[in-house]
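Below: one structure, written as structure tokens.
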Amino acid sequence: MATNPSVDEGLIICLSGPSGVGKGTVIRKMLESRSDMRHSISMTSRPPRYNERNGVHYHFVSRDYFEELIRQGEILEYDEYMDNYYGTPAAPLREAVAQGISVLLDLTVVGTLALKAKFPHALTVFLMPPSQAALEKRLRRRGTEDDEIIERRLAVAASEISQAVNFDYVIINDDLGSTVDKLSSICTAEHSRTERMDKKITRLQEEFRQYTKSGESLED
Ligand code: 5GP
């Protein structure tokens, strides 16, 4: 990823978990509390729900256009979920990360694992419902899908949950505030990971070089 050498790259944080677990709400709350983050707006061939706006919730496009962008390499990862394409546009994510802005993504499990294969430093976080009943209740309360779609979403959820072990972190979303705190702590800690401190370590090593050159012992 092309970076400005004086800027530390932002994090790529993939949040996954079954439909209805609350990924969207968690992301919204994270963005309210952290100014160093942005949401990656996905592209989808699914039609908008009554309360969704193009360019805000998703970029809504046709299947043909989506496939054209895949061919052009403009989609970093994509998945087909319940007969519709969902994918991450490449350019906005690359630009944000290069500017030191961290990007939060809301992805299917397949999409998360594909992105992790491309960007091994990406953080993968699985959001788990507190129970099957809680997830079903949330899907029904949302009122945006009919019964048959809810049943299909629950079936997909079962297979998604079995993939949680392949993620870096798992958070059980039983309390929104506590979930956001945990996710925020994970992101803060990640900034101090040794691999991410390379530039700062090198700069400090340079500053201290005169001492090691003049034969000072590294021991006390
Ligand atoms: P929904 O139709 O409920 O908005 O989203 C369905 C599923 O697609 C959710 O599990 C959501 O996480 C996932 N999704 C949304 N955007 C993307 C994306 O860009 N890539 C992938 N792989 N999945 C996405």
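The values are calculated or read from the model by the stated rules, or taken from the named source; none is laboratory data. Just so we're clear, the structure is a prediction, and the values are computed from it rather than from any experiment. Every residue, glycine as well, gets a Cβ built from its backbone with ideal geometry; the counts of neighbours run over all protein chains shown. For the accessible areas, the whole protein counts, side chains as well, though only heavy atoms, and no ligand, DNA or RNA atoms are used. Shrake-Rupley method; radii C 1.70, N 1.55, O 1.52, S 1.80 Å.
The Cα-based radius of gyration and maximum Cα-Cα distance (Dmax) for the stretch 65-106 are 11.6, 35 Å.
Rolling a 1.4 Å probe over the heavy atoms of the protein chains gives the chain an accessible area of 57 Å² per residue.
For the listed peptides 124-135, 99-110, 151-162, a ranking on the average number of other beta carbons within 10 Å per residue, highest first, reads 99-110, 124-135, 151-162.
Seen from every direction in turn and averaged, the convex hull around the alpha carbons of the chain projects onto 15.2 nm². Evaluating 6.51 cos²θ - 1.76 cosθ + 1.60 at θ = phi - 60° for every residue in the stretch 70-81, the Karplus couplings come out as 4, 4, 7, x, 8, 10, 6, 8, 8, 8, 9, 10 Hz, glycine and proline recorded as x. Working value for the stretch 66-142: equivalent-ellipsoid semi-axes of 26, 17, 11 Å, each the square root of 5 times a Cα gyration tensor eigenvalue, largest first. Computed over Cα pairs, the Kirkwood radius of the stretch 40-99 leads via Stokes-Einstein (1.306 mPa s, 10 °C) to a diffusion coefficient of 134 µm² per second.
Calculate how steeply helix 176-191 sits against the longest principal axis of the alpha-carbon atoms of the chain, using the helix alpha-carbon long axis, and give the answer as 0 to 90 degrees to the nearest 10. So the helix axis and the longest Cα principal axis differ by about 30 degrees.
The loop-placed trypsin sites (Lys or Arg not before Pro) in the stretch 30-71, going by DSSP, that have at most 14 neighbouring Cβ atoms within 10 Å of their Cβ come out as 49, 53. Provide the net charge surrounding residue 15, with neighbours chosen by a C-beta distance below 10 Å and charges set as Lys +1, Arg +1, Asp -1, Glu -1. With Lys, Arg at +1 and Asp, Glu at -1, the net is 0.
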